[in-house]
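The structure appears right after this line, and notes come after that.
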Amino acid sequence: MSSIQATDHDISRFLSVLETISAQQKTICAELDELTLLMLLPSESVLRVLQNILAPMGQDMERLTNELKNHLLEE
């Protein structure tokens, strides 16, 4: 049976990397929470950004909104 021995320095470095990853995940989660809130309560600026994202894809937000409304009325 073989084993790997880590030095104190290796352990400290590993824990430091884990702390960094954890901090990054915390930041990402907070940003995703904020994005989710913005999507639930879209402001004019969020809608403008969404419209600008859709434009290069050849999509029109007004047309998509009307299609969604029609689809919901059919159900």
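The values are calculated or read from the model by the stated rules, or taken from the named source; none is laboratory data. Keep in mind it's a predicted model, so treat the numbers as computed, not measured. Please note: Cβ atoms are built from the backbone with ideal geometry, for glycine as well, and neighbour counts cover all protein chains shown. Keep in mind that these areas ignore ligands, DNA and RNA; they rest on the heavy atoms of the full protein, side chains included. Shrake-Rupley method; radii C 1.70, N 1.55, O 1.52, S 1.80 Å.
Structure data summary
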| read-out | value |
| --- | --- |
| Surface accessible to a 1.4 Å probe, Asp10 within the full protein complex, Å² | 70 Å² |
| C-alpha long axis of helix 61-74 to longest principal axis of the chain, angle in ° | 80 degrees |
| Structure-derived semi-axes √(5λ) of the Cα gyration tensor in Å: which label, when the choices are (1) 36, 12, 9; (2) 48, 15, 12; (3) 34, 10, 8 | (2) |
| Theoretical ellipticity at 222 nm over the chain - DSSP helices of four or more residues, -39500 (n - 2.57) apiece, nearest 500 | -26500 deg cm²/dmol |
| Spherically averaged projected area in nm², based on the convex hull that wraps the Cα atoms of the range 1-40 | 4.1 nm² |
| Approximate spin-label separation Ala30-Ala6, in nm, with each point projected 7 Å along Cα-to-Cβ | 2.7 nm |
